[in-house]
Amino acid sequence: MRYPPTLLIIATKKLTAECCGYPISIFFIVVNEFCERFSYYGMRAVLVLYFRYFLLWDDDLATSIYHAFVALCYLTPILGAIIADSWLGKFKTIIYLSIVYAIGQVTMAISTIHDITDANRDGTPDNFTFHIALSMLGLILIALGTGGIKPCVAAFGGDQFQEHQSRQLNTFFSVFYLCINAGSLLSTLITPVLRVVFIAGSGMYVKTDPEGNIMWSVCKCIGFAIKNRFRHRSSSYPKREHWMDWANEKYDKLLIAQIKMVLKVLFLYIPLPMFWTLFDQKGSRWTLQATTMSGDFGAFILQPDQMQTVNPILILTLVPIMDRLIFPLIQKCGLNFSPLKRMTVGMLFAAMAFVSAALVQIEIDKTLPNFPSSSESQLKVVNTYSTTLNVTISPNEHLLIESFGVQLHTSKHTYSTISYVKSKPREGKNAIRRDFVLRHGEQWCEFSRKFGFGASYTFLIPSTVFSDDCESITEVEDMKPNSVHMALQIPQYFLITTGEVMFSVTGLQFSYSQAPKNMKSVLQAGWLCTNAVGNIIVLIVAELGKLPKQWAEYLLFASLLVAVSIIFSIMAYFYTYIDPAEIEAQVRKEQGLEPEEMEKETLEMEEKDEDQKNEQGVKQTKI
Ligand SMILES: CC(C)C[C@H](NC(=O)CN)C(=O)O
């Protein structure tokens, strides 16, 4: 059954205004991406420390929830792609889900105000459940928002280009990636002003209509092919070239050809999550690693979470260098550095980054005190007498801990200045000079001390303190300041970012170029899903595979990625690059369809759907 020609909707490509060969609408799209990433990375940078030091979760739980959130952000794009392709279209999906996103950010911000539940004003929230629930709600809304925006923006950007702009289309993905990273770098207060830019460009966009429920049609077609193959499993039936050809009886050849293209790429994606498993630990393990290092750069003090900005800074420098210098140079040398080869090399760079992280960790471990395990405790006894004293602790004696100072009752003596230490101080932040004022009634005195990063001190204050103007205060260093400098993390950041430019920018471009026209967002969602799976792997490893040494965990991840990149290179070797438009045109030709009937296939698919529904007695009116 065919629609009469009068009912056919033939989509025409809107003529777009150009600047230097680029559609002007692209400007609004990249600025929108800049704003979205700006708010996403601004929040994500502090997330693991928020879990660790505000909600007081341990390192492993903080790491797991952080990666669960990132995974959710890159799983929801499937939802975004379905909504965009089958219902709202990319433009409206981006707008509506941006609103959900903004509500999520506000909810998250409110969850961090401890005064809301801090009735006794002691600086600690009284109701952690409230803060946890609110922050989880905020994170879920943000993840939904991201999911709506992420798969649509890159594909929507690609849609703006006409056929004669294929060179500009390639550069677009690099510029797009630059904007992502500029956004993550400049997370400042201008977001609310800039966010309206995307809507401002509304009149200039090429807005393709949603093409029916393409995901649903794809699933049904795959389901039918599998069922049909199973029904004809006997060897008496002739073999078909591809298992998807078993859908030939019922489904359009063009749809089958498009599904084959997508499946081929999705199959190739299977090993990719491992790259993200390593890559996204910048925000968790590497940030926690930075808390045990010194951020004193002389002119300024860098906080552990700020170290993550090295990644976007390097992206902003490396993308142009790679695009303009390295890749053309490799090409000039006659080497075929194809997209899939670039991605493999990118993976190897990420593995090297983790070897570098392991070496830094070994250096850090040499400087760390021995913390007690869960079955041990640690005591530090400070002798304020001028002579040597022997302290004997009988195993059966109990310890009495008082709120001011700590008293240890041993079988022989009682000392009044004893402290205990069980972890590095919060956030490794105390690398500054602090002034203290001691008061007792009318009496007071002031003293000043410089503290090193990650150090812990005990002050012994004698009763004569006011008479000598605080001079008699003695300082005991319980834990040495962090001595390994955060600059040592720069090589690992450099390696992972070089890997990212080769892997991620290329992957983004590859996913767009290898997708049929009506499945661009779907394949973008598939690409983002590789990131989601990667984050799920980290949280499984963080929760289950607790290795006693952090450096060993880094080396484990590096070895896994090397193994996976070998598998990927073998798969890539057998992959043939395609031009989806050419294949689609070929199938159309075989079906005897004219090129100008380009947009019919969707209607025909809907027509088949409708036929089926009619068979079931569902009445539908078609305009
Ligand atoms: C994880 C994404 C697929 C890639 C990209 N991340 C970065 O650019 C980080 N440097 C993003 O879209 O956020």
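No lab work stands behind these numbers, since they all come straight from the coordinates. As the structure is a computational prediction, the values presented were derived from the model and not from experiment. So basically every Cβ, Gly included, is an ideal-geometry build from the backbone, and we count neighbours across all protein chains shown.
Odds and ends about this structure:
- Taking TYR457, TYR237, TYR74 and counting other C-beta atoms within 10 Å, the order from fewest to most: TYR237, TYR457, TYR74
- Shape call, the range 34-109: gyration tensor on alpha carbons, a/c limit 1.5: prolate
- At 1.306 mPa s and 10 °C, Stokes D of the range 275-363 from Kirkwood alpha-carbon radius, µm² per second: 104
- Proximity of backbone amide H atoms, modeled 1.01 Å from N, is registered between ASP478 and SER456, TYR457, THR458 at under 5 Å, excluding neighbours fewer than 5 places apart on the same chain.
- Net charge, LEU61 excluded, C-beta distance under 10 Å - Lys, Arg +1, Asp, Glu -1: -3
- Anisotropy class of the range 437-579 from Cα gyration tensor, a/c 1.5 cut: prolate
- Rounded to whole Hz, the Karplus (6.51, -1.76, 1.60) HN-Hα couplings of the range 108-121, x for glycine and proline: 4, 4, 5, 4, 8, 8, 6, 4, 4, 10, 8, 5, 8, 6
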